[in-house]
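Note sheet for the following structure.
The values are calculated or read from the model by the stated rules, or taken from the named source; none is laboratory data. Owing to the predicted nature of the structure, the values given are computational and were not obtained by experimental measurement. Positions of Cβ are backbone-derived with ideal geometry, glycine not excepted, and every protein chain shown enters the neighbour counts.
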Amino acid sequence: MTVRAAGRGLSQPRAISIELGVAPYAEGSCLIATGDTRILCAASVVAGVERWRERSGAGWVTAEYALLPRSTHTRTGRERTGAKGRTQEIQRLIGRSLRSVTDMTRLGLRTVTVDCDVLQADGGTRTAAITGAYVALALACEWMLDEGMVVQSPLLEPVAAVSVGLVEGRALLDLDYAEDSRAQVDMNVVGTRSGGLVEVQGTAEGAPFAREQMDSLLDLALAGLEPLFAAQVRALSDAK
């Protein structure tokens, strides 16, 4: 079997850990680490929704994402005047992913915001953020149940995300920064535990890629989601 620079096989994910309760004032929080990428995810529950949402009688789940200044090799400036293009794209992706597995009517007229702050970035920050954000949201939903705010958990099933790509002609799972930066194809896949797809983002850097390559990468990603779901289940089981 071909071994990557980090000692992994082509279809082997990075080591994953999920630590709960790292932001004790939040209704749900975790620190997720996939390899050297580390992200703090904190879910906050507030009463009410935006005015455009009020007539629906249903709640809302949204997300915010940020790279802390020294999460990368050189300092990243804070976005003090508002989220820029990449940041907006990623936080919208996280929000869409969480809403895809949430029954908003069970949530009632409440808003849950999941903040995803990257402490250390080594590739795959958006995918790790989605995987960790689900855990933070699940903890917040358990908190609402315990407080009698909801009678049934708004969550329908787990959601997670992973990256795949073509690097030097080889299909790789869960790319780190060194691999991602030289990938000919980079793809992020968001899926549910039941096998549904929420979003597939695939981009060629240079020459186009074939449909067969896309199918192969998608199969690799779907298999790569399984250990992420298992990690989520283990972490949430420890909380009970």
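Table for the structure above
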item	result
Residue in the range 122-134 that is assigned to a loop (DSSP other than H, G, I, E, B), over 13 Å from the mean Cα position of the chain (by Cα) and surrounded by fewer than 18 Cβ atoms within 10 Å (Cβ to Cβ) present	no
Flag if Leu139 is free of Cβ contacts under 8 Å to residues at least 60 places away in the same chain, in contact with a Gly (Cβ under 9 Å, 6 or more places away or on another chain) and in a helix (DSSP H, G or I)	no
Per-region count, the range 37-55, residues under 24 Å from the mean Cα position of the chain (by Cα) and either over 15 Å from Val112 (Cα atoms) or in a helix (DSSP H, G or I) (or both)	4
Members of the range 147-180 that are in contact with a helix residue (DSSP H, G or I) (Cβ under 7 Å, 6 or more places away or on another chain) and of a type in the set (Ser, Thr, Tyr)	Ser153, Ser163
Scope the range 185-208; condition within 16 Å of Gly169 (Cβ to Cβ) and surrounded by 13 or more Cβ atoms within 10 Å (Cβ to Cβ); matching residues	Val185, Asp186, Met187, Ala204, Glu205
Residue among Arg106, Arg92, Arg96 that alone is charged (D, E, K, R), over 28 Å from Tyr177 (Cβ atoms) and in a helix (DSSP H, G or I)	Arg106
Filter result (crowded, with 16+ Cβ neighbours inside 10 Å and within 22 Å of Leu155 (Cβ to Cβ)) within the range 21-40	Ala23, Ala26, Glu27, Gly28, Ser29, Cys30, Leu31, Ile32, Thr34, Ile39, Leu40
Glu50 modelled with pLDDT under 95, on the phi < 0 side of the Ramachandran plot and among the acidic types (Asp, Glu)	yes
